[in-house]
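Heads up: the structure comes next, in structure tokens.
Any read-out appearing in this document is the output of simple, stated calculations on the displayed coordinates, not a laboratory observation. No experiment lies behind these values; they were computed from the predicted model shown. So basically every Cβ, Gly included, is an ideal-geometry build from the backbone, and we count neighbours across all protein chains shown.
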Amino acid sequence: MKSSTLVLLATLLLGGCGYKLGEIRPTPMRSVQTLAVPMFKNKTFKPRAESLFADSLVKRLQQDGTYRIVGTNEAEAILYCTIEKIDRNSLRAVQNNVLATSEFGLSVQVRYEVVSQRSGAILMSGAQVGRASFFSGSDLQTIERQAMSDAAADLAKNITVQICEGW
């Protein structure tokens, strides 16, 4: 009898480890149910980057489901994002030629603010980075553009985790 009681007790105590019940929003975002994500501002010289990053973020927030994504007129809060910097750097050199690059790293730095529609107060703010890597090839611009969508997905994941879960 004692061993079956211990097994039952252990099952009850350890059965829920790693799971969350319901939404766990950051404290400043507790009252927000609807969120708008307007087009990003772009301080870089990369054309059309703002639409790529905004689209990736909206898709990720919709997948998460913590907030309902609506237009700016209907939203309780607005998530403003600004692309501060897009960097490409060398990660790996070509074997036997240290001046040529075989793998590049791409990083995108974005600042964000979540502003309440009612009060105009800043509920959350911060900066996040999205990263991707790609290998050099015959058409470096096309390959870099494809890596940009990977960096956008990584950035969207990082911002979503920050505003939906607070970490």
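Could you check the simple spin-label distance between residue 98 and residue 73, using points 7 Å along Cα→Cβ, in nm with one decimal?
Placing both labels 7 Å along Cα→Cβ, they lie 6.2 nm apart.
In debye, nearest 20: dipole of segment 31-165 around its Cα centre with unit charges on the Cβ of K, R (+) and D, E (-)?
180 debye
I need to check one value: relative contact order of the chain, counting alpha carbon pairs closer than 8 Å and at least 6 residues apart, in percent.
In percent, rounded to a whole number, it is 22.
Using the alpha-carbon atoms, what tilt in degrees (0 to 90, nearest 10) does helix 2-14 show relative to the longest principal axis of the chain?
Helix 2-14 sits at roughly 40 degrees to that axis.
Kindly express, to the nearest 10 degrees and within the range 0 to 90, the angle between helix 49-64's C-alpha long axis and the longest C-alpha principal axis of the chain.
That works out to roughly 20 degrees.
Per residue and in cubic angstrom, what volume does the convex hull of the Cα atoms of the chain have?
170 Å³
Can you sort 112, 67, 80 from fewest to most other Cβ atoms within 10 Å of each residue's own Cβ?
Least to most surrounded, the residues fall as 80, 112, 67.
What order, most packed first, do the peptides 124-135, 94-105 have when packing is the mean number of other Cβ atoms within 10 Å of each residue?
So the order, starting with the most tightly packed, is 124-135, 94-105.
Can you list the aspartates and glutamates whose alpha carbon is less than 13 Å from that of residue 157, not counting same-chain residues fewer than 8 positions off?
Once the sequence-local aspartates and glutamates are set aside, what remains near residue 157 is 55, 64, 165.
If you average 1/r over all unlike Cα pairs in segment 62-148 and invert the result, what Kirkwood radius do you get in angstrom?
Result for segment 62-148 stands at 15.9 Å.
Which angle between 0 and 90 degrees, to the nearest 10, do you get for helix 140-165 versus the longest principal axis of the chain when only C-alpha atoms count?
Taking Cα atoms only, the helix is inclined about 20 degrees.
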